[in-house]
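Peer 1: Have a look at this one.
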């Protein structure tokens, strides 16, 4: 059956696209659209044309799987131009989402009708691209340059009513009346003929609009190329003719498409969709209920998890060992709801409903009917084992017992119960209600049913669930040790905290490691290191961080850590006392301080991540390198446009990475820089980390 078909009804040609699941603009769809437009315009019995889609959505964009292949005609700009050139009124009938190339197709039509539930947008910026089928030239002509800039730079879709207010659509209607409304509207325009956006001009704009926009987004975009090119394209729509603007748009689109940035962003896009594909988990794997949730711990993490579950529609029982702590936790949760109301994210009714589903207790006996228990107590193995022993005694059969540990042995925790098959790690990232990542830690005996339920829970919580194996720190925090280790060594060797942080943020990291340590609390990592018996016997290892904690410098919570913080401020200020402490410790350890270039800082920290990532793949803790990338781009501020540490290594070339690691080994010793066998093996074979995949083995 053709993906694009045409039928005739009372002089109207109805062109229907049927390319599930999202009616992407594949080559077959583009060819079919052009063919049907030609057929409809050549038929004298046809007076008007409607373009509509089957399924749950209008065209939701290009088929980005084609981006890595040579483009096949007809190209989308040509299809859009052909639609607009039709001498009979063409109406787009949109439901679901009209995104990217889908909205550009609609902009090529002469009129647009939207179902009330529809959303329209140009999200190409999220893939390091710009609209490449005349979207940057048509949208400003239709709704004005300022609104067009906002839509294209944010990438966020607008609702049908907003689109109507903007003039982006001509009419909205009830969802079940879209087809009939579009046909009636098309008939009503027969006497008026086509209304072509390309023949319009952009309304007057403020003289400094584009420079103000560049300044406003500079800090947010931090070196991304597509936002600046988007601004330039929209600016051209006010300066040159339509055809000249489209020519420039296409050139800049191809420049973005062929860039390493877009490659990294597209990798991240596909990687996030691959994480749900887990060996042993299929559509037939049973998923348990998670409607009744108990959260143990009422601190920042526990309250954040509880709030996240409440906003997902769960009933939540918050358990803590004293009433004062429970009261603080409940207050935190209520403030989070109030913040949502203030920002317009939820209504007062939503808040009342959410708060109404929260109850508190100090009695384990009150949580016996929970479907899911999430433990978020102090990061101490003995305490967690004691908690799970109590849970095992009171929780119903089939309840999932989850630990939010960030580093500890999930199997040891499960061993405190008689139901290890029901125990799993659910590692939330702080703040739990905001961070998208959820590390799902599979224990040795965790059942497939519990893993499938955890993946479904992640989706329910609007998080990205990544299934990982059990080891110290799992994927994210295990790799973080190498990153932090090199930061600490660089401090002793001559780099100032602010120099390291600046080099890495300039490279694209959301924050530098020293600022992150202050934000998280230097005492948190210190306590974890105190419990470990397997750390290197090297006096340099996390020496500066440990000294800070021993002097009461925990970070932002104490107003001083690696940096100073003014009262009530989170802005880090370099502290001469910190540099003096580092200088003195370097001298004690006999380390000659030297000037260190930003490139060395970047390579040592980032290649430290890559080497540990390779070992994680060797050990089977992650089954795909792309899973590691998802963890780091969503949980640790790794620049999304670089795709993640393992994808970045692929772009550098594993042979080059291996050579640099060997150089560091020769300079700094084998204890920390011995090249992983997998890295050497893949480099010797001229392969990539993505060629090593155990997900189906």
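Peer 1: If a/c stays under 1.5 just call it rounded; otherwise compare a/b with b/c (prolate if a/b is bigger, oblate if not). Do that for the stretch 140-195, with a ≥ b ≥ c from the square roots of the Cα gyration tensor eigenvalues. Walk me through the numbers before you get to the answer.
Peer 2: Details: a/c = 3.55, a/b = 1.60, b/c = 2.21.
Because a/c hits 1.5 or more and a/b fails to exceed b/c, the stretch 140-195 counts as oblate.
Peer 1: If I fit a long axis through the Cα atoms of helix 576-588 and take the longest principal axis of the Cα atoms of the chain, what angle between them do I get, 0 to 90°, rounded to 10?
Peer 2: Orientation of helix 576-588: about 50 degrees from the principal axis.
Peer 1: How would 481, 307 line up from fewest to most surrounding beta-carbon atoms within 10 angstrom?
Peer 2: Details: 481 23, 307 27.
Lowest to highest Cβ neighbour count: 481, 307.
Peer 1: Taking other Cβ within 10 Å of each residue's Cβ, how do 390, 396 sort, fewest first? Don't skip to the answer; put the middle values down first.
Peer 2: Details: 390 15, 396 11.
Least to most surrounded, the residues fall as 396, 390.
Peer 1: On to the next question. Tell me the mean residue ellipticity at 222 nm calculated for the chain from its helices only (DSSP H runs of n ≥ 4, each -39500 (n - 2.57), averaged over every residue, nearest 500). Mind dumping the intermediate values first?
Peer 2: On the way: 29 runs with 337 residues, N = 697.
Theoretical 222 nm ellipticity from helices: -15000 deg cm²/dmol.
Peer 1: With the Cα gyration tensor of the stretch 192-341 in hand, convert its eigenvalues to equivalent ellipsoid semi-axes via √(5λ) and list them largest first in whole Å.
Peer 2: Details: eigenvalues 470, 116, 61 Å².
Equivalent ellipsoid semi-axes, largest first: 48, 24, 17 Å.
Peer 1: Continuing with this model, one more query. Using the Cα gyration tensor of the stretch 40-128, with a ≥ b ≥ c the square roots of its eigenvalues, what is the shape: rounded (a/c below 1.5), prolate (a/b larger than b/c) or oblate (neither)?
Peer 2: Values: a/c = 2.25, a/b = 1.29, b/c = 1.74.
Note, shape of the stretch 40-128 comes out oblate.
Peer 1: Out of the DSSP beta bridges found with both residues in the chain, what percent are antiparallel (nearest 5)?
Peer 2: 25 percent
Peer 1: May I pose another question? Looking at the chain, I'd like the Rg to Rh ratio, where Rg is from alpha-carbon atoms and Rh is Kirkwood's inverse mean 1/r.
Peer 2: Computed over Cα atoms, the ratio is 1.01.
Peer 1: Cα centroids of the stretch 87-163 and the stretch 603-651: how far apart, whole angstrom?
Peer 2: Between the Cα centre of the stretch 87-163 and that of the stretch 603-651, the gap is 35 Å.
Peer 1: Here's a follow-up. Would you mind ranking 673, 632 so that the residue whose beta carbon has the fewest other beta carbons within 10 Å leads the list?
Peer 2: With the sparsest Cβ surroundings first, the list reads 673, 632.
Peer 1: Taking 8 Å as the Cα distance limit and 6 or more residues as the minimum spacing, I'd like the relative contact order of the stretch 476-691 as a percentage. Display every interim value, and only then the final one.
Peer 2: Details: 267 pairs, mean separation 48.5, N = 216.
Reported relative contact order: 22 percent.
Peer 1: Output the Cα-based Rg and Dmax of the stretch 292-468 in Å, rounding Rg to one decimal and Dmax to a whole number.
Peer 2: My reading of the Cα-based Rg and Dmax gives 15.1, 46 Å.
Peer 1: I've got another one for you. Given the convex hull over the Cα atoms of the stretch 476-691, what projected area results after averaging over all orientations, in nm²?
Peer 2: Working: hull surface 46.8 nm².
Averaged projected area of the stretch 476-691's Cα convex hull equals 11.7 nm².
Taken together, the values in this text are just the output of simple stated rules run on the coordinates, not laboratory data. In this text the structure is predicted, and so the values were computed from the model without any measurement. With ideal geometry, Cβ positions are generated from the backbone for all residues, glycine too; neighbour counts draw on all protein chains shown.
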